[in-house]
1. Hydropathy first: keep DSSP H helices in the chain averaging at least -1.0 on Kyte-Doolittle, then drop any whose Cα extent along the axis falls short of 20 Å, and list what survives.
2. Would you kindly calculate the translational diffusion coefficient of the range 97-136, applying Stokes-Einstein with the Kirkwood radius from alpha carbon pairs, for 20 °C and a viscosity of 1.002 mPa s, and quote it in µm² s⁻¹ without decimals?
3. Sticking with the crude label model, points 7 Å out along Cα→Cβ, report the distance from Ala35 to Thr6 in nm, one decimal please.
4. If you stretched the chain out fully between Glu139 and His106, how much longer would it get, using 0.36 nm times the residue separation minus the C-alpha to C-alpha distance?
5. Simple spin-label model, 7 Å along Cα-to-Cβ: Leu57 to Arg17 in nm?
6. Return the loop-located trypsin sites (Lys or Arg not before Pro) in the range 12-94 (DSSP other than H, G, I, E, B) with at most 10 other Cβ atoms within 10 Å of their own Cβ; answer none if there are none.
7. For Rg and Dmax of the Cα atoms in Å, the choices are (i) 15.6, 60; (ii) 27.3, 84; (iii) 20.3, 74; which was calculated from the structure?
8. With loop defined by DSSP as not H, G, I, E or B, and exposure as at most 10 other Cβ atoms within 10 Å, which is the longest segment of the chain clear of exposed GluC sites (Glu not before Pro)?
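Here, each number is a calculation from the coordinates, and none is a lab measurement. Just so we're clear, the structure is a prediction, and the values are computed from it rather than from any experiment. Backbone-built Cβ (ideal geometry, glycine too); neighbour counts: all protein chains shown.
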Amino acid sequence: MAYLQTEVLGHTQKVCRLYKRAVRLIQECAPNRVAFRYNAVLLRQKFDENRSLTDALKVQTLIANAEEELFQKQHTHPLKFAESPGGSAYGRELRSPDWVLDYWSHDEKAQYPEYFARREELKKEYVAYWEKKFGKAEEPHHH
């Protein structure tokens, strides 16, 4: 589970998230795809066996035991997706700020006429909004 719980989770969501974390753990530990699929099917069978339980205390106990088992068996080097935080490619592609487009040449802007026409309209609307909310900027005093 996360360090700080920021939302109330229903039983179904808890079980789904537990299942997904268990499958990810199997994926991390499996030496090949066949072993992963075999163990994933066994895991699904365990979850399906307990699907029809109605005793709330027993269900909570099963979830707590499964959480503890996941914690005990966690991989020393958990799988991280490349674009996710902690992944090898996270933050590698930086996004340019919007003002960079102001420095494009006319030839470059001519390749996307509709986009830049709409962008100019939006800039005018934003300036009008700014002046309405904060007033016009004062002219700098020159000596």
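1. Working: long enough: 11-29 (27 Å, -0.51); 33-49 (24 Å, -0.44); 56-72 (24 Å, 0.16); 113-134 (31 Å, -1.42).
For the chain, where a helix must reach 20 Å along its axis and average at least -1.0, the hits are 11-29, 33-49, 56-72.
2. 190 µm²/s
3. Here the modelled spin labels are 3.7 nm apart.
4. Extra length available between Glu139 and His106 comes to 9.0 nm.
5. 2.6 nm
6. Passing both the DSSP loop test and the Cβ count: Arg51, Arg92.
7. Read-out taken from this structure: (ii).
8. For GluC sites (Glu not before Pro) (loop position, at most 10 other Cβ atoms within 10 Å), the longest site-free span of the chain is 8-92.
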